[in-house]
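The values are calculated or read from the model by the stated rules, or taken from the named source; none is laboratory data. No experiment lies behind these values; they were computed from the predicted model shown. Ideal geometry is used to build each Cβ from the backbone, glycine not excepted, and the neighbour counts take in all protein chains shown.
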Amino acid sequence: MVKCPYCGQMNYDRATECRKCQGRIGPETLQTIFEDKSYWMGPEKAKVLRSKALSAVVIGLLVKVYWGGYGPWPVIDYAPWAEIRPWLDPWLIYGGALLYLIGWVLNWI
């Protein structure tokens, strides 16, 4: 098995192109004949962006559930925090979801 130098996907020994990112694999002779697929962002950076976006969504859901009063526990609500909560959880949830979709699209750009 041959590991792709761009995304780390394992491919068959005789593969000349990665199954996941379609980057060129093989000896230098093949890589000098064919151009490598150039990425503006690439799969590795897009994966990091998607993981950060998922973290934002999870934190937003935790804020919504634990701080929003959806459980049997008492809500600790200080005045400055009460002003932040109405815009913080939608920002984290919807912003994180949008950022995840952007990272998914940038995977191929």
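In table form, for the structure just shown:
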read-out: Top-ranked residue in segment 61-93 [being in contact with a Gly (Cβ under 8 Å, 6 or more places away or on another chain) and without any contact (Cβ under 8 Å) to a residue 24 or more places away in the chain; ranked as surrounded by the most Cβ atoms within 10 Å (Cβ to Cβ)]; value: 85
read-out: Within segment 18-109, helices (runs of 4 or more DSSP H) holding 3 or more residues that are within 15 Å of residue 5 (Cα to Cα) and at pLDDT 80 or above; value: 43-62
